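The values are calculated or read from the model by the stated rules, or taken from the named source; none is laboratory data. Computed from a prediction, not measured in an experiment: that's the story for all the values here. As a convention, Cβ positions derive from the backbone with ideal geometry for all residues, glycine included, and neighbour counts pool all protein chains shown.
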């Protein structure tokens, strides 16, 4: 596992749980609004890598004090030893939350079959027509959505809305992709360190625009929250 970031405590990343979080290096997308360019487009810095054994040792010492480990990135499903690592975490009696963009549906299928992830979080980057335009495999995306929804585990889908890349009406296409899902989060773009340095405050949606997005997608899903 190429672990390029390790936060020992978070109350925000696993709903209702105290967790640690790791950030894996590498991604198969290049979203301009990504806030982790050091994990995606910058060279992997050896000095920033946390050994897997260090993470596991910390988790073992904190049994009873933390509930879970969140695995995010980058894109964790690119890691060839992801599944063995998750097994090691589960052997400590901890919950595991896995973040993914859904492109590697074969890996998702294997993990769902092994029943080793307790909470799934998937980023729905765009409505289906955008994926086609950008040459992204929509079949893999839809396959992952269906597997997560049918896994019997807790899950959420979420979209970071970026003005200039998204329009309010995109919510309809996204809603159609995840129709019947339990939890959907609307995330507004925030200015900061990004792959595309030209993005700024003007790429954020106004509160009333976020509410309009919520109204459009609400008929498709059980629960919608603006984060």
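Among the numbered conditions (1) in contact (Cβ under 8 Å) with a residue 24 or more places away in the chain; (2) touching a helix residue (DSSP H, G or I) at 6+ places or on another chain (Cβ under 7 Å); (3) assigned to a loop (DSSP other than H, G, I, E, B); (4) more than 30 Å from residue 116 (Cβ to Cβ), the only one that residue 192 does not meet is (2). Look at (1) in contact (Cβ under 8 Å) with a residue 40 or more places away in the chain; (2) out of contact with any helix residue (DSSP H, G or I) (no Cβ under 6 Å at 6 or more places or on another chain) and you find that residue 200 fails only one, number (1). Does residue 179 satisfy the criteria of being in a loop (DSSP other than H, G, I, E, B) and over 19 Å from residue 144 (Cβ atoms)? Answer is no for this residue. Only one of the numbered conditions (1) buried (at least 18 other Cβ atoms within 10 Å of the Cβ); (2) closer than 30 Å to residue 89 by Cβ; (3) in contact with a strand residue (DSSP E or B) (Cβ under 7 Å, 6 or more places away or on another chain) is violated by residue 153, and that is (1). Does the stretch 205-213 include one or more residues that are surrounded by fewer than 17 Cβ atoms within 10 Å (Cβ to Cβ), within 20 Å of the chain's Cα centre (by Cα) and either within 24 Å of residue 12 (Cα to Cα) or modelled with pLDDT of 95 or more (or both)? Within the stretch 205-213, none of the residues are surrounded by fewer than 17 Cβ atoms within 10 Å (Cβ to Cβ), within 20 Å of the chain's Cα centre (by Cα) and either within 24 Å of residue 12 (Cα to Cα) or modelled with pLDDT of 95 or more (or both). Please verify whether residue 107 is closer than 30 Å to residue 188 by Cα, in contact with a strand residue (DSSP E or B) (Cβ under 8 Å, 6 or more places away or on another chain) and in contact (Cβ under 8 Å) with a residue 24 or more places away in the chain, treating the condition exactly as stated. No, not satisfied. On the stretch given as the stretch 113-142, residues that are within 17 Å of residue 77 (Cα to Cα), under 16 Å from the mean Cα position of the chain (by Cα) and not in a strand (DSSP E or B) total 7. The residues of the stretch 1-51 that are assigned to a helix (DSSP H, G or I) and surrounded by 12 or more Cβ atoms within 10 Å (Cβ to Cβ), listed by number, are 37, 38, 39, 40, 48.
Applying the condition of being in a strand (DSSP E or B) and touching a strand residue (DSSP E or B) at 6+ places or on another chain (Cβ under 7 Å) to the stretch 52-96 and asking which residue is surrounded by the fewest Cβ atoms within 10 Å (Cβ to Cβ) yields 95.
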